[in-house]
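Undergrad: My structure is below; once you've seen it, I'll send some questions.
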Amino acid sequence: MTSKCENSEARLRRPRPLEERVVSHVLGACAVLCVATTAGIIAVLLTQSVAFFKGVSLWQFLCDTQWTPLFTDKHFGIWALVCGTLLTSVIALAVAVPLGLLGAVYLSEYASQTVRHFLKPAVEVLAGIPTVIYGYFALTFITPILQKIVPGLAGFNALGSGVVMGIMILPIIASLSEDAIHAVPSSLREGAYALGGGKFAAIRRVVLPTSFSGIAAAVIIGMSRAVGETMIVAIAAGQQPRFTLDPRVPIETMTAYIVQVSMGDTPTGTLEYHTIFAVGMMLFIVTMTLNIASYYLRKRMTRGAAT
Amino acid sequence: MNALKVKKMPNLPDASRPVTRMIETRQPAQISKTPRMQVIDLHAWFGKTEVLKGISMSIASRGSTAIIGPSGCGKSTFIRCLNRMHEVVRGARADGKVLLDGLDVYSPGVNPVRLREMVGMVFQKPNPFPMMSIRQNVLAGLKLQRIKRSDEDELVERVLRQAALWDEVKDILSRGGTTLSGGQQQRLCIARALALEPEVLLMDEPCSALDPIATGRIEELILELKSAYTIVIVTHNMQQAARVGDRTAFFCLGQLIEYNDTATIFTKPLNRQTEDYVTGRFG
């Protein structure tokens with residue numbers, strides 16, 4: 001008896017294995033690193049933006065309609081760049097939302113198992129294409145085609161790059177919307193059928209409204225990608241900041257401007273150099289707002305699905 | 001809905017008549033002579049598994065028919081075949097005749113969507129539509145079928161009263177359907193089905209997700225509704241069958257073992273298997 005008791009005491013007091021103790025610290029360090037990187041980026045953006053706003057007033061930044069920091073007649077109206085970003089993103093959404101949503105409904109509700117088996121990975125292949133290829137696709141393939149249809153379309157324009165950007169974000173929107181539609185419990189579909197609803201009526205009246213927050217989250221994530229997309233617009237949209245909503249002329253987005261300055265011969269520490277941080281800050285604020293909105297919508301979706 | 005009946009009646013295959021007579025002689029005399037629904041040699045499959053192995057029974061107009069039996073006996077599948085909800089599931093298939101007022105609902109040309117409007121269904125788990133208010137849930141059937149009615153308010157009040165829910169929700173009609181308690185949600189689902197003025201109301205274990213008090217209220221409701229509607233209720237709870245069923249059918253392993261007045265089933269069943277089940281010796 002005694003020996004048995006000692007034995008169990010020894011067993012109880014045996015220390016936790018080393019790996020158990022180490023692993024939580026290692027994982028914790030990784031998590032901290034991610035957060036620290038984000039904090040570092042924000043800190044750099046902030047300090048450099050402050051340097052920019054010492055030379056340019058916030059008033060000028062928000063109220064001027066021209067963006068010409070690299071010219072002798074300097075203007076710092078951010079809206080010229082915001083307009084370009086907004087224009088290409090809206091065109092991209094106009095392409096990707098209807099196609100993505102209809103595709104998601106088809107995949108989730110109508111496609112047979114075999115079709116779904118082939119189609120879903122095929123759609124996701126689109127997401128794996130490097131954006132530089134999309135850029136040349138826009139410039140050398142889509143734009144010439146569009147020029148035959150749209151009169152007065154310049155070689156570099158918002159329309160072609162927007163359309164291609166729509167193709168780029170299509171898999172994200174389709175895939176996330178499909179997840180949201182798939183998450184609608186089948187009991188709700190059956191409830192709709194039992195009330196004399198046809199298949200499409202059930203989708204329209206019950207399935208889509210129930211998955212609305214998930215679909216909205218998918219659209220916002222897609223928009224956030226479009227706003228942040230760089231390569232396509234740098235290649236195919238031109239480099240002329242312009243306060244316009246005309247999709248036919250060359251424009252410049254916030255991202256494309258940053259590329260232009262980063263790759264040019266602008267000396268560090270100058271006002272021209274600081275502009276990219278102010279633009280980066282603006283871009284970051286927009287995408288972060290979109291991501292936070294999407295996060296809350298998805299949280300609402302999971303809560304809705306639980307009930 | 002009457003148009004469908006009138007239109008389809010002349011197409012009724014005459015061959016069904018002798019079968020019908022055969023079935024009526026097989027059933028005890030006390031089963032109503034004017035059946036609302038008649039099921040003739042109904043088979044159902046999930047993939048390759050046959051879950052219903054030739055069910056024939058008639059369901060009388062008005063009153064309630066309870067279906068009892070051990071888990072997996074096919075009782076839920078059976079009522080899901082009555083409004084063709086069974087075939088909604090991928091890989092599920094049914095074969096046989098189900099006559100509603102004489103018309104085979106499985107005959108070609110019958111639109112299952114219209115059928116489900118006439119044969120309403122309440123599910124095991126309350127499933128009000130989460131993005132709709134209480135009022136919108138009641139009117140969901142009309143919305144799904146694009147039916148416009150000028151008397152929506154009266155309809156909402158009438159069916160919510162019928163479902164014994166009006167007094168609890170009359171001031172919160174615009175609140176979400178899923179904010180209600182489980183028992184209230186289930187009564188909302190009943191109201192939703194009643195709003196379509198169904199000929200038959202199918203209930204698939206409507207109380208199995210509810211507590212005893214909510215169950216009691218649903219049972220009271222069934223007792224009230226059965227004077228106006230034809231109700232078929234599946235239940236795994238034998239006391240419930242005894243309380244609410246006018247007639248009871250006992251299913252086992254995909255077959256109808258015995259079908260009779262509830263009192264007879266529970267006091268002097270003819271079949272040994274039935275007796276073992278209702279006395280709790282098996283199942």
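Undergrad: Take segment B:133-160 and flag every residue that is in a helix (DSSP H, G or I) and more than 13 Å from chain A (Cβ to nearest Cβ).
TA: Filtering segment B:133-160 down to residues in a helix (DSSP H, G or I) leaves B:134-138, B:140-144, B:152-160.
Scanning segment B:133-160 gives B:Ile134, B:Arg135, B:Glu152, B:Asp153, B:Glu154, B:Leu155, B:Val156, B:Glu157, B:Arg158, B:Leu160.
Undergrad: When you scan segment B:95-130, how many residues do you find that are buried (at least 20 other Cβ atoms within 10 Å of the Cβ), assigned to a loop (DSSP other than H, G, I, E, B) and facing another protein chain (nearest Cβ under 10 Å)?
TA: Final tally of qualifying residues: 6.
Undergrad: Additional query: If A:Thr307 passes every condition in (1) under 27 Å from A:His182 (Cα atoms); (2) at pLDDT 90 or above; (3) of a type in the set (Ser, Thr, Tyr) but one, which one does it miss?
TA: Only one criterion in (1) under 27 Å from A:His182 (Cα atoms); (2) at pLDDT 90 or above; (3) of a type in the set (Ser, Thr, Tyr) is unmet by A:Thr307, namely (2).
Undergrad: Restricting to segment A:165-197, give me the number of residues that are under 19 Å from A:Ala104 (Cβ atoms), within 14 Å of chain B (Cβ to nearest Cβ) and open to solvent by less than 20 Å² (accessible area, probe 1.4 Å).
TA: Of the residues in segment A:165-197, 5 are under 19 Å from A:Ala104 (Cβ atoms), within 14 Å of chain B (Cβ to nearest Cβ) and open to solvent by less than 20 Å² (accessible area, probe 1.4 Å).
Undergrad: Oh, and also: Checking B:Ser150 against (1) without any contact (Cβ under 8 Å) to a residue 12 or more places away in the chain; (2) of a type in the set (Ser, Thr, Tyr); (3) in contact with a helix residue (DSSP H, G or I) (Cβ under 7 Å, 6 or more places away or on another chain), which test does it fail?
TA: Single failed check for B:Ser150: (3).
Undergrad: Determine whether A:Leu70 is at pLDDT 90 or above and either surrounded by 10 or more Cβ atoms within 10 Å (Cβ to Cβ) or more than 24 Å from the chain's Cα centre (by Cα) (or both).
TA: Numbers: at pLDDT 90 or above: no; either surrounded by 10 or more Cβ atoms within 10 Å (Cβ to Cβ) or more than 24 Å from the chain's Cα centre (by Cα) (or both): yes.
When the stated conditions are applied, A:Leu70 does not pass them.
Undergrad: Quick check: is even one residue across segment A:239-260 within 14 Å of chain B (Cβ to nearest Cβ) and surrounded by fewer than 21 Cβ atoms within 10 Å (Cβ to Cβ)? Walk me through it before giving the result.
TA: So in segment A:239-260, the residues within 14 Å of chain B (Cβ to nearest Cβ) come out as none.
Checked against the condition, which is being within 14 Å of chain B (Cβ to nearest Cβ) and surrounded by fewer than 21 Cβ atoms within 10 Å (Cβ to Cβ), segment A:239-260 yields no hits at all.
Undergrad: Test B:Asp41 against the stated conditions and say whether it is touching a Gly at 6+ places or on another chain (Cβ under 8 Å) and open to solvent by 20 Å² or more (accessible area, probe 1.4 Å).
TA: On the way: touching a Gly at 6+ places or on another chain (Cβ under 8 Å): yes; open to solvent by 20 Å² or more (accessible area, probe 1.4 Å): yes.
Spelling it out, B:Asp41 is indeed touching a Gly at 6+ places or on another chain (Cβ under 8 Å) and open to solvent by 20 Å² or more (accessible area, probe 1.4 Å).
So that you can scan it fast, the table gives a plain yes or no per residue for (1) surrounded by 20 or more Cβ atoms within 10 Å (Cβ to Cβ); (2) of a type in the set (Val, Ile, Thr); (3) away from chain A (no Cβ under 13 Å):
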{"residue": "B:Leu165", "(1), (2), (3)": "yes, no, yes"}
{"residue": "B:Val169", "(1), (2), (3)": "yes, yes, yes"}
{"residue": "B:Arg192", "(1), (2), (3)": "yes, no, no"}
{"residue": "B:Glu197", "(1), (2), (3)": "no, no, no"}
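Undergrad: Somewhere in segment B:60-75, is a residue within 12 Å of chain A (Cβ to nearest Cβ) and either outside any strand (DSSP E or B) or at pLDDT below 95 (or both)? Break it down into steps so the answer makes sense when it comes.
TA: Step one: filter segment B:60-75 for residues within 12 Å of chain A (Cβ to nearest Cβ), giving none.
No, segment B:60-75 contains no residue that is within 12 Å of chain A (Cβ to nearest Cβ) and either outside any strand (DSSP E or B) or at pLDDT below 95 (or both).
Undergrad: For B:Thr179, work out the one condition from (1) within 14 Å of chain A (Cβ to nearest Cβ); (2) touching a residue at least 12 places away in the same chain (Cβ under 8 Å); (3) not aliphatic (A, V, I, L, M) it doesn't fulfil.
TA: (2)
Undergrad: Another one. Which ones in segment B:253-274 are open to solvent by 70 Å² or more (accessible area, probe 1.4 Å) and of a type in the set (Asp, Glu)? Even if it seems obvious, please write down each step before you answer.
TA: Filtering segment B:253-274 down to residues open to solvent by 70 Å² or more (accessible area, probe 1.4 Å) leaves B:253, B:255, B:267-268, B:270, B:272-273.
Correct list: empty.
Undergrad: Counting only residues that are away from chain A (no Cβ under 11 Å) and not in a loop (DSSP other than H, G, I, E, B), which one in segment B:204-219 is most open to solvent (accessible area, probe 1.4 Å)?
TA: Among them, the one singled out is B:Ile213.
Undergrad: Now a separate question. Return the only residue of A:Val35, A:Val82 being surrounded by 12 or more Cβ atoms within 10 Å (Cβ to Cβ) and of a type in the set (Val, Ile, Thr). Don't jump to the end; show me each part of the working.
TA: Working: A:Val35 fails: surrounded by 12 or more Cβ atoms within 10 Å (Cβ to Cβ).
Just one listed residue meets the conditions, A:Val82.
Undergrad: Turning to a different aspect of this structure: Does segment B:221-252 hold any residues that are basic (Lys, Arg) and open to solvent by 60 Å² or more (accessible area, probe 1.4 Å), and which are they? Steps first, please.
TA: Within segment B:221-252, the first condition is being basic (Lys, Arg), and the residues that meet it are B:226, B:243, B:247.
Residue satisfying the conditions is B:Arg243 alone.
Undergrad: Residue pairs, Cβ under 7 Å, 6 or more apart or interchain, first in segment A:129-147 and farther than 10 Å from A:Val163 by Cβ, second surrounded by 13 or more Cβ atoms within 10 Å (Cβ to Cβ) and among the acidic types (Asp, Glu). List them.
TA: Final answer for the pair search is A:Thr131/A:Glu229.
Undergrad: Just for helices (runs of 4 or more DSSP H) wholly inside segment A:106-158: which have at least 2 residues that are away from chain B (no Cβ under 14 Å) and in contact with a Gly (Cβ under 9 Å, 6 or more places away or on another chain)? Spell out how you get there, then give the answer.
TA: Working: elements: A:113-127, A:131-137, A:143-149.
Filter on segment A:106-158 gives A:113-127, A:143-149.
Undergrad: Taking the stated definitions as given, is A:Pro98 more than 28 Å from A:Lys299 (Cα to Cα) and modelled with pLDDT of 90 or more? Explain how you work it out, then say what you get.
TA: Details: more than 28 Å from A:Lys299 (Cα to Cα): no; modelled with pLDDT of 90 or more: yes.
In short, no.
The values are calculated or read from the model by the stated rules, or taken from the named source; none is laboratory data. These figures come from a predicted structure and were not determined experimentally. Quick reminder, even Gly has a Cβ in these numbers, built from the backbone with ideal geometry, and neighbours come from all protein chains shown. For accessibility, only protein heavy atoms count, side chains too; no ligands or nucleic acids. Shrake-Rupley method; radii C 1.70, N 1.55, O 1.52, S 1.80 Å.
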